[in-house]
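Working notes, structure below.
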There are 2 protein chains.
Amino acid sequence: MSPRQVAAEPGAQLDSPAPLSRDAITHAAIEFIEHRGLERLTMRALAQQLGCGTMSLYRYVANRDDLVGAIIEELVDRSDLPELARRRFKNWQEMSVAAILAYKDLAVAYPGSFELLALAPYDAEPVSSHIERMATALQGTGLTERQAYEVLGGLDAYATGYLLVWARARGASGDASGPAALRKIRDIDEFERGLRVFVAGYEATLR
Amino acid sequence: MSPRQVAAEPGAQLDSPAPLSRDAITHAAIEFIEHRGLERLTMRALAQQLGCGTMSLYRYVANRDDLVGAIIEELVDRSDLPELARRRFKNWQEMSVAAILAYKDLAVAYPGSFELLALAPYDAEPVSSHIERMATALQGTGLTERQAYEVLGGLDAYATGYLLVWARARGASGDASGPAALRKIRDIDEFERGLRVFVAGYEATLR
DNA sequence: ACCTGAACACCGTTCAAGT
DNA sequence: ACCTGAACACCGTTCAAGT
């Protein structure tokens, strides 16, 4: 009989007699990060949470980086971003605002995990193809390729910088408000205002 | 005779018979990061570079976080940022562009170490007082306190997001150009263009 | 096929001791 | 005063083995 089948004392770990799988591991990892913080996510701690041996994880995940990649993919899947690339917008302004706000919603829903996505290499999956899909969609609303990448790059930089620092500060102190000094420049409600200012700037610049 | 005074074989480590000090450690750490990467900076490796025992570092540095704090302070000192806060500008546009460009110059000069600064907590020194000095200076050029923090927060978010991803990509691949996919949205020469677009947006918004 | 403990090569840091 | 090695409590991951 495998140790995993033995009844686990309740409360100590997740009530998961569910079989181990790449998805189960990924889901548990996200939950772990949101409850206990990214810096506490270790292969050993995650295994304990799942009630299995540390090495069992390596059946479904090549290594820690592979796990992080799976988390990123899962987060993008849970967001509105994939659906956005398929929708039709009447101009680039509406489309880019919608895309960046979906990005913000992801940060608000998963503040602990967000930095994995924000700091993920842009030249690897799934970020690279997401950027390309967005750029292509933007070109469908009248921008040239160069303009599409310019707007996308600029707005993405703003959103990444804003949300990354906001999410980190939020996680550092336990409460939801964050330190007072930071609130002055990183209130999440002010995010959209800055976004629209930036879009207005591009509007003026692109004629 | 202390082991540190023994002649070190040249090339193997820094030619530093210089006495150990907090500054010497900080300087060596920055050089280490820029040459070998942040992920390779460990207390053990840094001590070896300095030709001393690992524990000798702890005479001058409380722990790794304290060392990182010292690095951040040193980087800010080496930049144009402190001088900027003392200079006079005729309007907030010129001042904020100058400040953000000084921030960019720092990222270009120290791409390996930049993320320590970019990800440093905004509510701790020396970042917090720098932000306050900048906000005060901006109010001297006609902005209200609220407007000063709004512009500062927005432009800082853009710069942080842009430069952080650029610096990471630059360090990841060995060469100076970075992966082709990223160059499309993160050419360092395009940084200033986006900055001016954002400033133009605030110009229009603040009337 | 699925799971696992022991072991290895690392970390940061404490402690007790050297000169 | 300044420096240090041994040791501790961790990491991620390899390997050889269990069912």
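The values are calculated or read from the model by the stated rules, or taken from the named source; none is laboratory data. A quick note: this is a predicted structure, and the numbers were derived from the prediction, not measured. Reconstructed Cβ throughout: ideal geometry from the backbone, glycine too, with neighbour counts over all protein chains shown.
Working only within segment B:125-157, note down all residues that are over 29 Å from residue B:68 (Cβ atoms) and within 8 Å of chain A (Cβ to nearest Cβ). Talk me through it step by step, then tell me what you get.
Restricting attention to segment B:125-157, the residues satisfying the condition of being over 29 Å from residue B:68 (Cβ atoms) are B:139-147, B:150.
Listed by number, the list holds a single entry, B:150.
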Exercise. Kindly establish whether residue A:62 is without any contact (Cβ under 8 Å) to a residue 12 or more places away in the chain and over 17 Å from the mean Cα position of the chain (by Cα).
Key: yes
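What number of residues within segment A:38-55 are more than 11 Å from DNA strand D (Cβ to nearest atom) and more than 18 Å from residue A:74 (Cβ to Cβ)?
Initial filter on segment A:38-55 (more than 11 Å from DNA strand D (Cβ to nearest atom)): A:49-52.
Remaining after also requiring more than 18 Å from residue A:74 (Cβ to Cβ): A:51-52.
Of the residues in segment A:38-55, 2 are more than 11 Å from DNA strand D (Cβ to nearest atom) and more than 18 Å from residue A:74 (Cβ to Cβ).
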Exercise. Among the numbered conditions (1) of a type outside the set (S, T, N, Q); (2) at pLDDT 95 or above; (3) assigned by TED's automatic domain parsing to the domain that holds residue A:154, tell me where residue A:62 comes up short.
Key: (3)
Practice problem: Could you check how many residues of segment A:56-109 are touching a Leu at 6+ places or on another chain (Cβ under 7 Å), within 16 Å of DNA strand D (Cβ to nearest atom) and among the polar types (S, T, N, Q)? | Solution: 1
Exercise. Return only the number of the condition from (1) surrounded by 13 or more Cβ atoms within 10 Å (Cβ to Cβ); (2) more than 15 Å from DNA strand C (Cβ to nearest atom) that residue A:83 does not satisfy.
Key: (1)
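Does residue B:85 qualify as being assigned by TED's automatic domain parsing to the domain that holds residue B:156, modelled with pLDDT under 95 and outside any loop (DSSP other than H, G, I, E, B)?
Numbers: assigned by TED's automatic domain parsing to the domain that holds residue B:156: yes; modelled with pLDDT under 95: yes; outside any loop (DSSP other than H, G, I, E, B): yes.
In short, yes.
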Quiz item: Using beta carbons and a limit of 8 Å, which pairs, at least six apart or on different chains, have the first residue in segment B:102-124 and free of Cβ contacts under 8 Å to residues at least 40 places away in the same chain and more than 10 Å from chain A (Cβ to nearest Cβ) and the second one aromatic (Phe, Trp, Tyr) and in a helix (DSSP H, G or I)?
Solution: B:106/B:114
Exercise. Would you mention how many residues in segment B:184-207 are more than 7 Å from every other protein chain (Cβ to nearest Cβ) and β-branched (Val, Ile, Thr)?
Key: 2
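Filter segment A:26-60 for residues that are within 13 Å of residue A:116 (Cβ to Cβ) and more than 14 Å from chain B (Cβ to nearest Cβ); which is farthest from DNA strand C (Cβ to nearest atom)?
The residue in question is A:34.
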Quiz item: Can we say residue A:138 is part of a helix (DSSP H, G or I) and crowded, with 17+ Cβ neighbours inside 10 Å?
Solution: yes
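Being among the acidic types (Asp, Glu), modelled with pLDDT under 95 and closer than 23 Å to residue A:92 by Cα, is that true of even one residue in segment A:165-176?
Within segment A:165-176 (the criterion being among the acidic types (Asp, Glu), modelled with pLDDT under 95 and closer than 23 Å to residue A:92 by Cα), the answer is no, since none of the residues qualifies.
What about residue B:55, is it modelled with pLDDT of 95 or more, exposed (fewer than 13 other Cβ atoms within 10 Å of the Cβ) and not polar (S, T, N, Q)? Walk me through it before giving the result.
On the way: modelled with pLDDT of 95 or more: yes; exposed (fewer than 13 other Cβ atoms within 10 Å of the Cβ): yes; not polar (S, T, N, Q): yes.
Against the criterion (modelled with pLDDT of 95 or more, exposed (fewer than 13 other Cβ atoms within 10 Å of the Cβ) and not polar (S, T, N, Q)), residue B:55 qualifies.
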Quiz item: Can you find a residue in segment A:109-116 that is surrounded by fewer than 17 Cβ atoms within 10 Å (Cβ to Cβ) and either part of a helix (DSSP H, G or I) or on the phi < 0 side of the Ramachandran plot (or both)?
Solution: yes
